[in-house]
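Any read-out appearing in this document is the output of simple, stated calculations on the displayed coordinates, not a laboratory observation. These numbers were taken from a predicted model, which means no experiment stands behind them. Methodologically, a virtual Cβ is constructed for each residue, glycine included, from the backbone with ideal geometry; neighbour enumeration extends over all protein chains shown.
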Amino acid sequence: MTPEWQGKLFEPHDEDDRAYNTALVLAHTAQKGVQAGALLSVPVLSLAYIVHSRKTAAAAAAAAASASARPTLVPFIMRRVPRFALVTTLVASAMGLGRCVWLTHPHEVFDRAYRVAHNESQQRADRWFATGAGAGAGAVLAVRRGPMRMVLGSALLVGAASLLVHVATWKEPQAAPRSGQAKELLPVANK
């Protein structure tokens, strides 16, 4: 169910075109790094907010008259999500590059690129994340012009939420039984 344009653009080339196929795999690992950063940012940054709040409790008590002395949880997370996603993207890209370097045969890289291009669940997850990220950025821009970090943070958080919706609603496609296929398993010969 890959869209026509995406199938042509991101289709792995010949097995001998190692550079292009490696680029496909690295682009995929970078995209998954962004998605992982968006998903992991909420629990990690929530914990960081709690620790940060406790450290600044004495300073907050001194500045109790000012209501804006400490940001609330949501702006705290939204401002830091882009940096967190950048770090996870760099880590995932380094891991992907390391993996591609260790693959010795060109057909191994082609195999990885082919799996990336033809995995329906991955394609659906990427579409859900991109749609959610676009909606999140559009929502912040429609409501108010905020700092770019807030727009990116909103895009990543809504993209992560839509990725969770994808996971919750994904059903593995059922393979249709072939006509004339034997219903019982044949015994395996011992070698």
One residue from 121, 154 being in contact (Cβ under 8 Å) with a residue 40 or more places away in the chain and in contact with a Gly (Cβ under 7 Å, 6 or more places away or on another chain):
154
More than 30 Å from residue 16 (Cα to Cα), among the aliphatic types (A, V, I, L, M) and either touching a Phe, Trp or Tyr at 6+ places or on another chain (Cβ under 9 Å) or assigned to a helix (DSSP H, G or I) (or both): is that true of residue 133 in this structure?
yes
